[in-house]
Amino acid sequence: MRWKDEQIVKDAGFFVKDLLEKEGTGHDWSHCYRVYSLATDIAEKERKERDVDLFTVQLAAWLHDVKDWKFTSDGNSLEGAEIARTWLLNKKVDKTVVDKVYQIVRDISYKCNIEGNLMTNIEGKIVQDADRLEAMGAIGICRAMAYGGYKKRPIHDPQIEPVEIKTVEQYKKSGRTSINHFFEKLLKLKDQMHTQRGRELAEKRDCFMRDFLKQFHHEWEQYELRGINTEGE
């Protein structure tokens, strides 16, 4: 990668840090940094087998969450992509790279996949694997709970069953509890990885989440079986 390109990647990191450092839902600067690091790791492995533009991967990884559609007033998934494109054009990045990063940021979300907007290039698949890995494992659990608190969702309610998500509207209404979010989305991510490295990392994180859920339900049911009644006598 050229020195100029390396500097632009660093500048992207500073831009995202200024934008998201104090964000509190798990979509913060540290999340973007880990996606950048994971995507770089995956890209290095993939480059042994095929042509991968690391510059595009790293820029898209840094910029993928500059405005998540969940935090827009109208659920507009293009806002983040437009912010990314404007920033890249101001940095005089080649239009071919800008267009590819725009597409990746636009289509990276789980919602977009339900809509049928699938990643078509290897750079996008790498960044999407990295972003999905961040939704798994120990950090994925923390992020799910942080976002659930932001949305004022209960952690768990045995009376609310998980739903099978087939449409965007179902997805937007899903996750009525934080625990249900695991069954509705997070436990499905392992089988949606695009790359070999992504699959290897996802396997371990998926196992960790399943162990967590077993322990969670064990502790929850332990107290239920003891007959604790929070509704009073």
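The values are calculated or read from the model by the stated rules, or taken from the named source; none is laboratory data. Everything numeric here is computed off the predicted structure, so don't read it as measured data. Quick reminder, even Gly has a Cβ in these numbers, built from the backbone with ideal geometry, and neighbours come from all protein chains shown.
Cβ contacts < 8 Å: first residue closer than 17 Å to Val97 by Cβ and of a type in the set (S, T, N, Q), restricted to region 121-138; second residue at pLDDT below 95 and not in a helix (DSSP H, G or I), any location; separation 6+ or different chain. Result?
Hits for this filter: zero, empty list.
Hey, does region 107-120 have a residue that's β-branched (Val, Ile, Thr), crowded, with 19+ Cβ neighbours inside 10 Å and either modelled with pLDDT of 95 or more or touching a helix residue (DSSP H, G or I) at 6+ places or on another chain (Cβ under 7 Å) (or both)? Give the steps one after another, and end with the answer.
The initial filter retains those residues of region 107-120 that are β-branched (Val, Ile, Thr), namely 108, 114, 120.
Now narrow it down to the ones that are crowded, with 19+ Cβ neighbours inside 10 Å: 108.
Next cut, either modelled with pLDDT of 95 or more or touching a helix residue (DSSP H, G or I) at 6+ places or on another chain (Cβ under 7 Å) (or both) only: 108.
There is at least one residue in region 107-120 that is β-branched (Val, Ile, Thr), crowded, with 19+ Cβ neighbours inside 10 Å and either modelled with pLDDT of 95 or more or touching a helix residue (DSSP H, G or I) at 6+ places or on another chain (Cβ under 7 Å) (or both).
Would you say Ile141 is more than 19 Å from Gly80 (Cα to Cα), at pLDDT 95 or above and over 14 Å from the mean Cα position of the chain (by Cα)?
Working: more than 19 Å from Gly80 (Cα to Cα): yes; at pLDDT 95 or above: yes; over 14 Å from the mean Cα position of the chain (by Cα): no.
It is false that Ile141 is more than 19 Å from Gly80 (Cα to Cα), at pLDDT 95 or above and over 14 Å from the mean Cα position of the chain (by Cα).
Please verify whether Asp53 is surrounded by fewer than 21 Cβ atoms within 10 Å (Cβ to Cβ) and within 18 Å of Val93 (Cβ to Cβ), treating the condition exactly as stated. First the steps, then the outcome.
Details: surrounded by fewer than 21 Cβ atoms within 10 Å (Cβ to Cβ): yes; within 18 Å of Val93 (Cβ to Cβ): yes.
Spelling it out, Asp53 is indeed surrounded by fewer than 21 Cβ atoms within 10 Å (Cβ to Cβ) and within 18 Å of Val93 (Cβ to Cβ).
Which members of region 92-134 meet the condition of being outside any loop (DSSP other than H, G, I, E, B) and of a type in the set (Lys, Arg)? Outline the logic, then answer.
Residues of region 92-134 that are outside any loop (DSSP other than H, G, I, E, B), as a first pass: 95-107, 110-115, 122-133.
Selection gives Lys95, Lys100, Arg106, Lys111, Lys125, Arg132.
Residue-by-condition table, conditions (1) surrounded by 19 or more Cβ atoms within 10 Å (Cβ to Cβ); (2) at pLDDT 90 or above:
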position	(1), (2)
Glu164	no, no
Glu169	no, no
Lys172	no, no
Asn180	yes, yes
Asp191	no, yes
Arg197	yes, yes
Glu200	no, yes
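Would you please name the residue that is farthest from His31 (Cα to Cα), looking only at residues in region 137-156 that are in a helix (DSSP H, G or I) and among the hydrophobic types (A, V, I, L, M, F, W, C)? Before you say what the answer is, go through the steps one by one.
Here is the first cut: in region 137-156, the ones in a helix (DSSP H, G or I) are 137-150.
Next, from what is left, pick out any that are among the hydrophobic types (A, V, I, L, M, F, W, C): 138-139, 141-142, 144-146.
Working: Ala138: 13, Ile139: 9, Ile141: 13, Cys142: 11, Ala144: 13, Met145: 15, Ala146: 13 Å.
Filtering region 137-156 for residues that are in a helix (DSSP H, G or I) and among the hydrophobic types (A, V, I, L, M, F, W, C), the one farthest from His31 (Cα to Cα) comes out as Met145.
Do you know which residues across region 1-59 are part of a loop (DSSP other than H, G, I, E, B), out of contact with any Leu (no Cβ under 8 Å at 6 or more places or on another chain) and basic (Lys, Arg)?
Filtering region 1-59 down to residues part of a loop (DSSP other than H, G, I, E, B) leaves 1-2, 21-28, 47-53.
Those left that are additionally out of contact with any Leu (no Cβ under 8 Å at 6 or more places or on another chain): 2, 21-26, 48-53.
Once the filter is applied, which keeps residues that are part of a loop (DSSP other than H, G, I, E, B), out of contact with any Leu (no Cβ under 8 Å at 6 or more places or on another chain) and basic (Lys, Arg), region 1-59 yields Arg2, Lys22, Lys48, Arg50.
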